[in-house]
1. Looking at residue 132, is it at pLDDT below 85, closer than 30 Å to residue 196 by Cβ and surrounded by 10 or more Cβ atoms within 10 Å (Cβ to Cβ)?
2. Can you spot a residue in segment 126-140 that is over 60 Å from the mean Cα position of the chain (by Cα) and in a helix (DSSP H, G or I)?
3. Only one of 82, 12, 67, 4 is exposed (fewer than 10 other Cβ atoms within 10 Å of the Cβ) and either modelled with pLDDT of 80 or more or on the phi < 0 side of the Ramachandran plot (or both); which?
4. Quick check on segment 167-177. Is at least one of its residues surrounded by 10 or more Cβ atoms within 10 Å (Cβ to Cβ), more than 52 Å from the chain's Cα centre (by Cα), in a helix (DSSP H, G or I) and modelled with pLDDT under 75?
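The values are calculated or read from the model by the stated rules, or taken from the named source; none is laboratory data. Since the model is a prediction, treat every value here as computed from it, not as a measurement. All Cβ positions, even for glycine, are placed from backbone atoms using ideal geometry, and neighbour counts span all protein chains on display.
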């Protein structure tokens, strides 16, 4: 056997087994890659299905959101309308209430003015009556004082006469009945003085 044949034979013995091993590994890799590709295809199909479902859900949610927004807009418009109606109604009520308050205020002012005028008139009449009563009382007091002074002067005159008479009686012998009469007259004078004092106090 020549050298070339020997080298080829040795090369076959070394390389061929490795090539077979590499081939087996490649086959296994191809199988694994095929399985991986299949799994990727399955995942891609699932992802596409999920994407489609997401798009459907998104479209459904967008529709729901749009409907909700429309409903909110309608509710907002309805609330604005009701608020405007309520505001108009309240303004009307407040206006009527203010008018009623103004009427009541004007009526109270008129009544107060009338009452004030009536009270002023009554007070004026009362003051006039008090002045008349005061003048009458002063006149009566002056008259009573004059009468009292006149009676006191008369009483003083009688007392002076009585004193003179008593002096005379002490100088002479007085009869018994005359003495009793004098005592009675003194008591009568004392009673009159007491009545005069009471009338002056009244």
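1. No.
2. So far as segment 126-140 goes, yes, one or more of its residues are over 60 Å from the mean Cα position of the chain (by Cα) and in a helix (DSSP H, G or I).
3. Within the list 82, 12, 67, 4, the selection yields 4.
4. yes
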